[in-house]
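Worksheet: one structure, shown below.
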Amino acid sequence: MSRILILGGTAWFGREVATQLVAGGHDVTCLARGTSGPPPHDAGFVAVDRSAPGAYDDVSGVDWDEVVEISWNTDHVAGALEALAARAAHWTLISSCSVYASNGEPGAAEDAALVDVATDGADDDYARAKAACEQASADVLADRLLTVRAGLICGPGDGSDRFGYWVSRCALAGDGDVLVPTLADRYVQVIDVRDLAAWTIRAGLGGTVGAVNAVGDVHAFGDVLARARSIAGHAGALAEATPEWLVDQGVAYWSGPRSLPLWLPEDFAGFCRRSNAAFRAAGGTLRDLRETLEDTLDDERARGLERDRRAGLTRADELELLTNLPAR
């Protein structure tokens, strides 16, 4: 049994990590505000705002076999390193593939250039913050650090509503058409939250170090939609729209309101096609995409197919767009 501290552990991915660790018989403590929900049953819980003085007092006197850091708040990460690094045998930082400077090269691996954390006025503060967290952690921990550069995480419980949009929309549309971007040369790369958590645990407890792209296999967007339609029983058509037309109609890329989730501009050709060779070599395994889609649809039905979503089109907006789509 290992003694593990999760800096987080009450929100989606962190809670999955904590849940699997508890199920494995480990001594788990979660340190978080707890506003995202409770920790798993049988996990210890330290409720604290990490910005507060003395935030780590209750855990800094303990020898930890593993610390899992999830935050992208640079002050929180720096504070945890100062308080806990000397008592941690191994440290896992959950980072992101957003740290890479370019998304244009398919097959790029962990040696690709990162964003410049010192650049003023950068467009993506999240990417710069995650890169800064990586840098600070490496400076302190050296050869005790595993940096997990996660790709797009999907599966049951996903609050971003991105991946789940497509299988739920196919179910909601039934015999009706579904609006999609042109599908040629478009790809999807996701990792099930349960697979990511399981590998993160195995790698951390096994002492894996270095940076690893924890990403899924690459799938053609059209193949993902074909599986989603089959699972959802969709009998309508996929109505393809050009990027130019969609942008003219105010439809956004990737995520957020009035978007088509997972759809990316052409200069992001490598974003959903990063190498996962290092992940596989480090023991990473992936369940079949169909299982993820089936479980995601079950979760979507439970939450309501017509609920307000953080990403995607409302069905009403979609039907209006379909009415106005050229050549229909």
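Computed from the coordinates by the stated procedures, all read-outs in this text should not be read as laboratory data. Please read these numbers as outputs of a predicted model, since none were measured by experiment. All Cβ positions, even for glycine, are placed from backbone atoms using ideal geometry, and neighbour counts span all protein chains on display.
Protection proxy ranking, highest mean first, for peptides 104-116, 231-243, 164-176: 164-176, 231-243, 104-116, where packing is the per-residue count of other beta-carbon atoms within 10 Å, averaged. Principal-axis analysis of the Cα atoms of the chain puts helix 315-324 at an angle of about 40° to the longest axis.
Between Met1 and Ser51, what FRET efficiency comes out of the Förster formula 1/(1 + (r/R0)^6) with R0 = 30 Å and r the beta carbon distance, rounded to 0.05? It comes out at approximately 0.40.
From the alpha carbon centroid of region 36-98 to that of region 215-277 is 35 Å. Against the chain, whose longest principal axis is taken from its Cα atoms, helix 193-205 shows a tilt of about 20°.
Summing Cβ point charges (Lys, Arg +1; Asp, Glu -1) relative to the Cα centre of region 121-203 gives a dipole of roughly 260 debye. The DSSP beta bridges internal to region 172-328 are antiparallel in roughly 25% of cases. Classify region 149-189: rounded, prolate or oblate, from the alpha-carbon gyration tensor (a ≥ b ≥ c, eigenvalue square roots; a/c under 1.5 rounded; otherwise prolate if a/b is larger than b/c)? Oblate is the answer for region 149-189, as a/c is 1.5 or above yet b/c matches or exceeds a/b.
For region 268-328, the residue among Asn276, Leu297, Leu286 whose Cα projects farthest onto the positive side of the dipole built from Cβ charges is Asn276. Could you please state, rounded to a whole Å, how far the C-alpha centre of region 147-194 is from the C-alpha centre of region 278-298? Cα centroid of region 147-194 versus Cα centroid of region 278-298: 13 Å apart. Taking every DSSP bridge with both residues inside the chain, close to 10 percent are antiparallel. Each of the peptides 54-67, 194-207 was scored by the mean count of other Cβ atoms within 10 Å over its residues; in descending order, highest first, they stand as 194-207, 54-67.
Charge dipole (Cα centre; +1 on Lys/Arg Cβ, -1 on Asp/Glu Cβ; no other charges) of the chain amounts to roughly 560 debye.
Looking at region 266-310, the trypsin sites (Lys or Arg not before Pro) that sit in a DSSP loop and have at most 12 other Cβ atoms within 10 Å of their own Cβ are Arg307.
Seen from Val62, the other residues with C-beta closer than 14 Å to its C-beta sum to a net charge of -4, counting Lys and Arg as +1 and Asp and Glu as -1. Site pair Gln249 and Thr323 shows an inter-label distance of 1.2 nm when each label is modelled 7 Å from Cα along Cα→Cβ.
When region 1-151 is described by a simple charge dipole with +1 on each Lys and Arg Cβ and -1 on each Asp and Glu Cβ, the residue from His26, Val68, Tyr126 located farthest towards its positive end is His26.
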